[in-house]
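Notes to accompany the following structure.
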Amino acid sequence: MPLTRTNVEKIAHLARLGITDKDTEIFTQELSLILNLAEQLLAVNTQNVAPMAHPLAMTQRLREDIVIESNLRDKFQTIAPATEDGLYLVPKVID
Amino acid sequence: MYQQQISELAAGLRAKKFSCQELTRQFLTRIKHLNPALNAFISVTETQAMAQAKAADVRLHNGDSSPLLGIPIAHKDIFCTDGVRTSCGSRMLDNFIAPYNATVVENLAQAGAIMLGKTNMDEFAMGSSSETSWYGQVRNPWNPNKVPGGSSGGSAAAVAAGLCTAATGTDTGGSIRQPAALCGITGLKPTYGRVSRFGMIAFASSLDQGGPMARSAKDAALLLQGMAGFDPRDSTCVDQPVPNYVAALDSDIKGLKIGLPKEYFGAGLNSQVANSVQIAIDIYRSLGATIYDISLPNTELVIPTYYVVASAECSSNLARFDGVRFGYRASEPKDIEDLFKRSRAEGFGAEVKRRIMIGTYVLSAGYYDAYYLQAQKVRRLIADDFSRAFTTVDVIMGPTSPTTAFNLGERTADPVSMYLSDIYTIAAPLAGLPAISIPAPYVDNLPVGLQIIGQSFAEAKLLSVAHQLQLVTDWHLKVPPGLE
């Protein structure tokens, strides 16, 4: 089922990906071709097949609830685009 | 010395034929001369390399016998390196100076290996040709008009051209094995969980695995020995002892049961590549292996399954790149949504965007069951094919890639044709299995890869099977013209 421009615009918004009108045009074609490939899966009989989310049949390992890392905030914030008093700065969210 | 193997360089260092500082300097000089044409490195870490070399010389002087001590290597630019730009081939991380080391980087530094630099790659490891990098395409040392494969194309080209002795790579759908095949080197994707993913920038978390790229199976064994092991910082890293891979190399081929899946030798496989792979398999037969015809009936579903699963995981993993805490930020955003959308639009390249979009779509309400859940079920069917096959055979062999290296630009306009070049490599990561690519006879002066897939945690078996072929053949010793 080919995608429409509206589909593509919605997906781009969900992915928080800015796209131009020209991008929308290209994505509509390219993504339809890729989904066409994916549609082969729809015909496969998978009744009673358990989904495989992960190659290892393992349970989540737990560890003791103790502090093992030190606070490296200053180091991590040296590579941030904008910070102030240990906070990350972004455009105003609430008026 | 540029084309020597790890053990030869280690012997030279210990015989004092050259110091590690001299060796490192020579490699750095060679990179300076040859890298502009190949573009295999994104960053050359000269200062750090010389400091590591100086420390290695002290350890050598003190009689330290670590096999990787003083050996010049390179890391794919997907592994975080403390204080060094870690770009993942993306504009998004062009300004990202990693604040910590990946466990693999840390382990190899402890072992005494010298990091010469960070290698070029497809952006966020998404690609099969190393053409999607923000830093430009990598060229194949065997023919500069051909791609080196991808996504670890920089590592493969660097090893093949003798710009480093070995390198790290990562494999999600073939990104170690396919470039190894196209550049004529040995590349191993370990079992999922064998090598820590901590500090390895995530693409598809249930598939990604780091591994060695080297001149021979023996060198790959040495490098894997230094990389593998339990890491409490990676919850999917398996707590299982690491065998001695080098000691296991000398196992006999006699009695080995090799399965050839009929689906790996059908339509789409270049006939010269098929002949080449057959010659290598015939040598195994002459060494005492038995060949079985087998079937992996769900092979035609591996590409659609992979592109649903990997894209879904990628769209989730790459959601973190939002221009807030690190990485690229668009200038003068008018609000928070504009900040997210433009940072991502300007920071990511076309292929990454395509995969984020596909992944977002297959995870979105109304499509999750039809695409994503269904792909996870088909993934189980694909894994079951292998379980069945391994009840009768020890290893599975076939071509790594259906063709030799293709021309630069040949497949960039058609994403689906690019995806199809991974037809034989995608199944192993979907099933979590280890697989190695080693050189087979060349076709028209271009390398061909023989792929060997094994059972979970059978890295030692794969390396020894590969090593036994390399003992009686010299395809892995071939050097690209002009790069001796």
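Coordinate-derived values only; no laboratory data. In this text the structure is predicted, and so the values were computed from the model without any measurement. FYI the Cβ positions are ideal-geometry reconstructions off the backbone, even for glycines, and counts take in every protein chain you see.
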Exposure-ranked with fewest Cβ neighbours within 10 Å first, B:Met50, B:Met227 stand as B:Met50, B:Met227
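Between B:Lys254 and B:Thr47, 0.36 nm times their residue separation minus their Cα-Cα distance comes to what?
Length difference between fully extended and current span is 69.6 nm.
I need the calculated FRET efficiency for the pair A:Arg5 and B:Leu373, taking r as the beta carbon distance and R₀ as 25 Å, to the nearest 0.05.
The pair A:Arg5/B:Leu373 has a calculated efficiency of 0.40.
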The FRET efficiency for A:Ala80 and B:Gln272, from their Cβ-Cβ distance with R0 = 56 Å and rounded to 0.05, is 0.60
So, with points 7 Å from each Cα along the Cβ direction, the A:Ser32-B:Arg285 label distance in nm works out to 4.9
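Rank these for me by crowding, B:Asp94, B:Asp122, going from fewest to most other beta carbons within 10 Å. Walk me through the numbers before you get to the answer.
Values: B:Asp94 16, B:Asp122 32.
So the ranking, lowest neighbour count to highest, is B:Asp94, B:Asp122.
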With label points set 7 Å from each Cα along the Cα-to-Cβ direction at A:Thr59 and B:Asp239, the distance between them in nm comes to 1.3
Here the whole-number average of other chain Cβ atoms within 10 Å per Cβ of B:114-120 is 0
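Could you line up A:Tyr88, B:Tyr361 from fewest to most neighbouring Cβ atoms inside 10 Å? Spell out each step's value before the answer.
Numbers: A:Tyr88 14, B:Tyr361 28.
Ranked by crowding around the Cβ, least crowded first: A:Tyr88, B:Tyr361.
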Averaged over the residues of B:293-305, the number of partner chain Cβ atoms within 10 Å of each residue's own Cβ comes to 2
As straight-line cross-link partners of B:Lys254, the qualifying lysines (C-alpha separation under 26 Å, not fewer than 8 residues apart within one chain) are B:Lys189, B:Lys218, B:Lys262, B:Lys461
Helix-only [θ] at 222 nm, chain B, -39500 (n - 2.57) per DSSP H run of 4+, per residue, nearest 500, equals -11500 deg cm²/dmol
At the level of C-alpha centres, the distance separating the range B:72-123 and the range B:135-154, in angstrom, is 19
